[in-house]
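**Q** Just dropping this structure here.
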Amino acid sequence: MTNYIEELQWRGMIHDVMPGAQEHLQESLRSAYVGFDPTADSLHIGNLVTIMMLAHFQRSGHKPIALVGGATGMIGDPSGKSAERNLLDEPTLRHNQNAIQKQLEHFLDFDASQKNAAEMVNNYDWMKSFSFLDFIRDVGKHITVNYMMAKDSVKNRITADAGDDTSAGGSEGMSFTEFTYQLVQGYDFLHLYKENSCTVQMGGSDQWGNITTGTELIRRIGNGKAYAITCPLITKADGSKFGKSEGGNVWLDPARTSAYKFYQYWLNSSDEDSEKYIRIFTFLNQAEIDALIAEHNEAKHLRVLQKRLADEITTIVHSAQALEKAKQASSILFGNATAEDLKSLDEQTFLDVFDGVPQAEVSIAAINDGLDIVAALATDTGFLKSNGEARRALKENSVAVNKVKVVEEYKIGSTDLINGKFVLLQRGKKNYFVLKVV
RNA sequence: GGAGGGGUUCCCGAGCGGUCAAAGGGGGCAGACUGUAAAUCUGCUGCGUAAGCUUCGGAGGUUCGAAUCCUCCCCCCUCCA
């Protein structure tokens with residue numbers, strides 16, 4: 001039983017801990033849970049901190065429980081500025097739950113023969129048959145509205161025009177449904193406390209209020225003691241939102257966010273952020289991390305931290321092979337790759353490297369006739385919005401065919417084909433487009 | 001219900017009869033520099049190779065000519081009841 005709290009502490013993963021939690025965890029094997037939203041069939045990197053909390057928990061010898069919020073997901077947590085939730089039907093819910101468990105298996109050991117095997121539960125299973133009357137009698141009776149109103153998540157929503165300097169958005173009030181959210185989540189904790197001897201709930205710092213409703217229920221109904229541990233919300237030094245890229249969320253599912261993009265997201269962390277991230281998102285120990293930071297400070301341009309961070313997390317979430325491909329893709333896209341390098345790629349590798357890059361099809365006849373570069377950029381493919389934009393880009397010397405800059409008069413011919421069927425168009429450094437000959 | 005103010009190109013915001021495809025800023029994109037970063041500098045940012053065409057809440061109208069004037073309609077905001 002290693003000291004879990006200390007481990008999280010030096011990693012900067014602790015925002016708040018309920019007093020006594022450390023002693024409680026040192027005594028014997030404990031169970032802790034984290035809730036995940038099953039609205040999609042994949043988690044995203046915003047979920048990664050709490051996943052790491054569970055992973056470290058298991059590595060410390062304790063038993064992690066991942067709770068899928070099939071029931072709570074239907075209500076909507078007022079702690080975020082979440083919009084209206086749509087109800088998931090049960091098959092979708094199960095599908096999402098299975099997909100999420102697959103992803104968690106990269107971090108957690110679900111092997112039931114282990115004493116501290118990870119476990120997956122879905123609160124829909126115990127909430128679906130809980131009648132409204134039963135709920136308000138057995139649960140609602142024990143918590144006062146006054147208590148619930150005191151939560152920040154609630155206060156912020158109901159004090160209409162009190163603090164105009166809090167959040168820019170106007171208060172729209174709060175539905176009864178959302179108000180109930182904390183009770184439902186609190187009940188989850190009580191349920192797990194009773195059925196799974198789960199005594200700790202973890203989550204982001206925005207969950208503190210919801211978690212304490214749970215510990216309160218456990219105290220009042222279960223006559224027990226339970227603990228809350230929260231982690232800070234991950235921020236980026238430049239103020240932009242962590243976990244978002246141009247394409248929206250950075251997902252763990254390679255079908256949603258390719259391993260290459262995933263790798264790139266981490267590689268592009270700022271110096272400041274990467275020092276923080278490497279502690280949170282890798283399992284490297286303190287000595288290793290200190291050494292890396294020292295090395296990084298010696299020669300920042302080598303970006304030792306970013307590279308190691310990206311390597312580690314990509315390997316865990318995807319695989320060592322996926323990491324290799326992502327790195328290969330990176331060196332082709334950002335290294336000094338030449339047309340020859342590109343042409344040397346076999347078809348499968350080419351497709352992997354440019355997975356997710358938009359494509360358009362052109363006929364072989366058009367290529368053989370010499371395809372006008374302006375048409376190839378705009379009208380024939382939709383890569384750029386208009387011929388005018390294509391011409392502008394060409395004048396800016398920002399267009400390349402197969403990594404070679406071209407001029408406005410250029411015509412794409414059969415000698416430009418890679419593997420006899422692809423042409424790589426590029427606008428600037430980062431915008432790629434693949435022409436596929438059919 | 002009464003009184004005012006306003007809706008402009010991705011966003012904010014100037015323009016208030018011709019010189020307006022529309023100032024300025026932001027954002028975006030590109031080029032240089034660099035570490036696939038940050039900062040900085042430069043250029044581009046309705047469509048069209050061009051002539052020209054389509055834009056200023058919507059529909060009409062006045063005028064040689066309208067984002068700018070008139071009429072009606074729609075939508076937002078503020079104040080009063």
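The values are calculated or read from the model by the stated rules, or taken from the named source; none is laboratory data. All of these numbers come straight from a predicted model, not from anything done at the bench. Neighbour counts are summed over all protein chains in view; Cβ atoms, including those assigned to glycine, are modelled from backbone coordinates with ideal geometry. Accessible surface is based on the protein model in full, side chains and every heavy atom, while ligands, DNA and RNA are left aside. Shrake-Rupley method; radii C 1.70, N 1.55, O 1.52, S 1.80 Å.
**Q** Sort through A:216, A:178, A:195 and tell me the only one that's modelled with pLDDT of 85 or more and surrounded by 16 or more Cβ atoms within 10 Å (Cβ to Cβ).
**A** Of the residues listed, the single one that is modelled with pLDDT of 85 or more and surrounded by 16 or more Cβ atoms within 10 Å (Cβ to Cβ) is A:216.
**Q** Search segment A:284-304 for residues being touching a residue at least 24 places away in the same chain (Cβ under 8 Å) and assigned to a helix (DSSP H, G or I), and hand back the single one that is farthest from residue A:267 (Cα to Cα).
**A** Filtering segment A:284-304 for residues that are touching a residue at least 24 places away in the same chain (Cβ under 8 Å) and assigned to a helix (DSSP H, G or I), the one farthest from residue A:267 (Cα to Cα) comes out as A:286.
**Q** To continue, here is another question. Considering only helices (runs of 4 or more DSSP H) fully contained in segment A:346-438, which possess at least 3 residues that are under 27 Å from residue A:322 (Cβ atoms) and under 38 Å from the mean Cα position of the chain (by Cα)?
**A** By residue number, A:347-353.
**Q** Taking residue A:54, is it in a loop (DSSP other than H, G, I, E, B), in the same structural domain as residue A:110 (by TED's automatic domain parsing) and in contact (Cβ under 8 Å) with a residue 12 or more places away in the chain?
**A** Considered against the rule, which asks whether it is in a loop (DSSP other than H, G, I, E, B), in the same structural domain as residue A:110 (by TED's automatic domain parsing) and in contact (Cβ under 8 Å) with a residue 12 or more places away in the chain, residue A:54 comes out as no.
**Q** Can you find, within segment A:333-348, the residue that is least open to solvent (accessible area, probe 1.4 Å) among those that are free of Cβ contacts under 8 Å to residues at least 60 places away in the same chain and more than 16 Å from RNA strand B (Cβ to nearest atom)?
**A** Once the filter is applied, the top-ranked residue is A:344.
**Q** Return only the number of the condition from (1) in contact with a Gly (Cβ under 9 Å, 6 or more places away or on another chain); (2) in contact (Cβ under 8 Å) with a residue 12 or more places away in the chain; (3) more than 14 Å from RNA strand B (Cβ to nearest atom) that residue A:378 does not satisfy.
**A** Every listed condition holds for residue A:378 apart from (3).
**Q** Condition first: part of a strand (DSSP E or B) and either in contact (Cβ under 8 Å) with a residue 12 or more places away in the chain or not aliphatic (A, V, I, L, M) (or both). Can you find one or more residues in segment A:259-281 that meet it?
**A** No, the conditions are met nowhere in segment A:259-281.
**Q** Checking the conditions here, which among A:305, A:252, A:284 is among the aliphatic types (A, V, I, L, M) and within 11 Å of RNA strand B (Cβ to nearest atom)?
**A** A:305
**Q** So, one more: Go through the residues of segment A:219-235 one by one and say whether even a single one is within 10 Å of RNA strand B (Cβ to nearest atom), more than 30 Å from residue A:144 (Cβ to Cβ) and in a loop (DSSP other than H, G, I, E, B).
**A** no
**Q** Something else: Would you say residue A:106 is touching a helix residue (DSSP H, G or I) at 6+ places or on another chain (Cβ under 8 Å) and either surrounded by fewer than 17 Cβ atoms within 10 Å (Cβ to Cβ) or at pLDDT below 90 (or both)?
**A** Yes, satisfied.
**Q** So which residues in segment A:194-230 are of a type in the set (S, T, N, Q) and in contact with a strand residue (DSSP E or B) (Cβ under 9 Å, 6 or more places away or on another chain), if there are any at all?
**A** Of everything in segment A:194-230, those that are of a type in the set (S, T, N, Q) and in contact with a strand residue (DSSP E or B) (Cβ under 9 Å, 6 or more places away or on another chain) turn out to be A:196, A:197, A:199, A:201, A:205, A:207, A:210, A:212, A:215, A:230.
**Q** Being in a loop (DSSP other than H, G, I, E, B), in contact with a helix residue (DSSP H, G or I) (Cβ under 8 Å, 6 or more places away or on another chain) and open to solvent by less than 60 Å² (accessible area, probe 1.4 Å) is the filter here; which residues of segment A:236-256 pass it?
**A** Answer for segment A:236-256, where residues must be in a loop (DSSP other than H, G, I, E, B), in contact with a helix residue (DSSP H, G or I) (Cβ under 8 Å, 6 or more places away or on another chain) and open to solvent by less than 60 Å² (accessible area, probe 1.4 Å): A:236, A:237, A:242, A:243, A:250, A:252, A:253.
**Q** Within segment A:256-272, take every residue that is charged (D, E, K, R) and either within 14 Å of residue A:330 (Cβ to Cβ) or within 9 Å of RNA strand B (Cβ to nearest atom) (or both) and give me the one that is farthest from the chain's Cα centre (by Cα).
**A** Among those residues, the one meeting the criterion is A:271.
**Q** Can you pull out the residues in segment A:410-427 that are in contact with a helix residue (DSSP H, G or I) (Cβ under 8 Å, 6 or more places away or on another chain) and either within 12 Å of RNA strand B (Cβ to nearest atom) or more than 23 Å from residue A:355 (Cβ to Cβ) (or both)?
**A** If the condition is that a residue be in contact with a helix residue (DSSP H, G or I) (Cβ under 8 Å, 6 or more places away or on another chain) and either within 12 Å of RNA strand B (Cβ to nearest atom) or more than 23 Å from residue A:355 (Cβ to Cβ) (or both), then A:410, A:411, A:413, A:414, A:427 are the ones that fit.
**Q** Please enumerate the residues belonging to segment A:23-52 that are surrounded by fewer than 21 Cβ atoms within 10 Å (Cβ to Cβ) and farther than 26 Å from residue A:235 by Cβ.
**A** Within segment A:23-52, A:23, A:24, A:26, A:27, A:28, A:29, A:31, A:41 qualify.
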